[in-house]
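**Student:** Quick one: structure below, then a few questions.
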Amino acid sequence: MAIAAEEEVLLEVEAVESVYGDDCRVVRRFPPHLHVHIRPRTADDSSQQFVDVVLGIQLGDKEAVEILSSMNHPDGNCPMCLNPLVHEVGHDLFLPFMKLMSCYHCFHRWWSWLQEQNETRIENGRDTSVSLGSSDVNDIIKQPVGNCPVCRKVFHAEDIRHVLDLLDTDHSQLTLEATDLDSNAEEILHNERENERRETFAALLKKQEENSGLFEPNKTVELMPGIFLHESTPLMTASIAQSACEQSENSTGNSVTQSNSSQKPNVSDHRNSNTRRRNRAHPPRRKDVNSQSSRTAGDSGLGER
Amino acid sequence: MTSTSAQSRKTLSKIACNRLQKELAEWQVNPPAGFKHKVTDNLQRWVIEVTGASGTLYTGELYQLQVDFPEHYPMEAPQVIFLPPAPAHPHIYSNGHICLDILYDSWSPAMTVSSICISILSMLSSSTVKQRPVDNDRYVKNCRNGRSPKETRWWFHDDKV
């Protein structure tokens with residue numbers, strides 16, 4: 001760390017030397033001590049020069065490192081979104097940015113750019129082998145190359161390794177929040193009414209879950225020989241509705257899907273095993289369904305609990 | 001000539017919108033020399049007036065560029081064509097399509113409308129003859145159904161003009 005800082009200071013001294021040439025006298029390189037002779041602009045016509053100055057620049061090694069540290073950020077705008085890479089102190093908007101280690105070009109929101117790029121490529125069906133073509137972070141590590149959008153220099157997985165953890169942990173957050181530059185959305189999302197609404201919704205959702213009032217995402221049902229789809233579909237819906245009603249009345253913890261379970265016997269929900277067996281034991285009753293839909297629903301799902 | 005690819009008809013993504021607003025603001029402060037953006041309220045299609053640079057074959061001539069932005073600009077290149085009449089140039093077809101690598105394969109998201117304009121003016125300025133591409137008629141015939149130049153498989157062979 002200290003060595004790196006010293007090197008940076010030395011680089012700066014070298015820069016001053018090359019800018020001022022003979023007008024710069026280096027008394028000591030580190031900690032730096034320089035004399036720089038500065039004259040007014042007169043196209044080097046000394047007869048027109050009435051003033052000049054010798055700037056003495058001297059820094060303790062601590063000061064030098066501190067000044068450098070405070071300047072240690074890229075200047076200018078992100079070449080892709082055109083927003084400043086680093087805002088002035090006191091600005092509360094901070095977007096993370098990353099630097100390509102091989103060419104020092106910096107970008108905001110690397111992750112969302114990558115994602116957009118992928119989407120675009122997929123849409124266009126273009127060749128994905130040249131540049132970062134996958135939305136999977138692990139694949140990015142494996143894929144060795146991409147091109148810097150600014151200088152087209154090929155970069156390697158190592159170049160973005162220092163930000164991979166950022167991508168990995170909260171890339172979703174990055175894309176969502178960073179995209180919203182207006183802090184308005186932030187305010188709306190976190191105001192009291194919205195919080196209340198969320199709590200109420202969460203409570204409702206929980207209750208529904210407890211009472212099995214939710215339709216879970218479809219499990220894959222394989223059709224196998226010997227399984228037939230029930231013919232009277234409208235009836236089926238009727239019976240589901242019926243059982244759902246009953247459920248809310250006596251609030252026993254049974255799943256709505258149970259009322260159907262005999263129609264898709266390979267649903268692997270072991271809680272249902274009793275009911276299912278019972279249904280299977282009475283296959284003929286299913287035939288009555290047409291005439292007594294509501295009763296059947298009660299029987300198959302919830303009747304005797 | 002209003003050929004528009006299917007992609008550029010989709011509305012701009014939020015990122016694309018933000019970026020274009022930035023570009024427009026920057027253009028208003030610091031437009032590329034020789035270009036004038038014709039003001040409209042359509043962020044997705046810019047029409048830009050080009051004046052041929054002095055000391056070139058196109059000195060003082062006026063042309064119009066039409067730039068259409070795709071949903072995922074700048075990850076994807078905009079479609080750039082000359083509105084008729086297109087300048088006579090070995091890389092510009094009479095239907096306004098421009099054979100210039102940065103508009104297609106060599107596009108980079110770090111480029112801007114402003115940088116495209118400068119490239120096109122440079123391409124015009126370095127021309128030594130006012131001439132259509134050799135395959136002009138065949139190409140233009142193939143594009144009669146309103147095909148976008150972005151659907152063309154371009155072959156970039158000339159690095160002088």
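Just so you know, all these numbers are worked out from the coordinates, no wet-lab data involved. No experiment lies behind these values; they were computed from the predicted model shown. Methodologically, a virtual Cβ is constructed for each residue, glycine included, from the backbone with ideal geometry; neighbour enumeration extends over all protein chains shown.
**Student:** Show me, for the range A:9-21, the HN-Hα J-couplings you get by feeding each phi into the Karplus relation (A = 6.51, B = -1.76, C = 1.60, θ = phi - 60°), rounded to Hz, glycine and proline as x.
**Tutor:** Residue by residue, the range A:9-21 yields 4, 4, 4, 4, 4, 4, 4, 4, 4, 6, 6, 9, x Hz.
**Student:** State the extension gain, in nm to one decimal, for the chain segment bounded by B:Thr152 and B:Asn42, taking 0.36 nm per residue of separation less the distance between their alpha-carbons. Numbers along the way, then the final one.
**Tutor:** On the way: separation 110, 0.36 × 110 = 39.60 nm, distance 2.59 nm.
37.0 nm is the gain from fully extending B:Thr152 to B:Asn42.
**Student:** Compute the relative contact order of the range B:37-161 as a whole-number percentage, counting only Cα pairs closer than 8 Å that sit 6 or more residues apart in sequence. Mind showing how you got there, number by number?
**Tutor:** On the way: 192 pairs, mean separation 27.3, N = 125.
This gives 22 percent for the range B:37-161.
**Student:** A follow-up question, please. Between their Cα atoms, which of A:Lys99/B:Lys22; A:Lys153/B:Lys38; A:Lys153/B:Lys160; B:Lys14/B:Lys36; A:Lys99/B:Lys160 are more than 29 Å away from each other? Kindly include the intermediate steps, with their values, before the conclusion.
**Tutor:** Working: A:Lys99/B:Lys22 22 Å; A:Lys153/B:Lys38 36 Å; A:Lys153/B:Lys160 23 Å; B:Lys14/B:Lys36 26 Å; A:Lys99/B:Lys160 34 Å.
From the list (A:Lys99/B:Lys22; A:Lys153/B:Lys38; A:Lys153/B:Lys160; B:Lys14/B:Lys36; A:Lys99/B:Lys160), the Cα-Cα distance tops 29 Å for A:Lys153/B:Lys38; A:Lys99/B:Lys160.
**Student:** Same structure, new question: For a quick check: sort B:Tyr139, B:Tyr93 by the number of other beta carbons within 10 angstrom, fewest at the front. Write out the running numbers ahead of the final one.
**Tutor:** Numbers: B:Tyr139 19, B:Tyr93 22.
Going from least to most buried by this count: B:Tyr139, B:Tyr93.
**Student:** Could you please report the charge total around B:Arg138, scoring K, R as +1 and D, E as -1 over all other residues with beta-carbon less than 15 angstrom from its beta-carbon? Please report the intermediate quantities before stating the final value.
**Tutor:** Details: positive: B:Arg132, B:Lys141, B:Arg144, B:Arg147, B:Arg153; negative: B:Asp135, B:Asp137.
Once all neighbours under 15 Å are counted, the net charge is +3.
**Student:** Also, quick follow-up: Could you check which residue among B:Pro133, B:Pro74, B:Pro87 shows the biggest mean-square fluctuation in a GNM of chain B with a 10 Å Cα cutoff?
**Tutor:** B:Pro133
**Student:** Return the tail of the calculated pair distribution for chain B, meaning the percent of Cα-Cα pairs more than 19 Å apart.
**Tutor:** Values: 6826 of 12880 pairs.
For chain B, the share of Cα pairs beyond 19 Å comes to 53 percent.
**Student:** Ordered by residue, what ³J(HN,Hα) values in Hz, to whole numbers, does the range B:33-41 give under the Karplus form 6.51 cos²θ - 1.76 cosθ + 1.60, where θ = phi - 60° and Gly and Pro are x?
**Tutor:** 4, x, 10, 9, 7, 7, 5, 9, 9
**Student:** Per-residue HN-Hα couplings for the range A:68-73, Karplus 6.51 cos²θ - 1.76 cosθ + 1.60 at θ = phi - 60°, whole Hz, x for Gly and Pro?
**Tutor:** After applying 6.51 cos²θ - 1.76 cosθ + 1.60, I find 4, 4, 5, 8, 7, 7 Hz.
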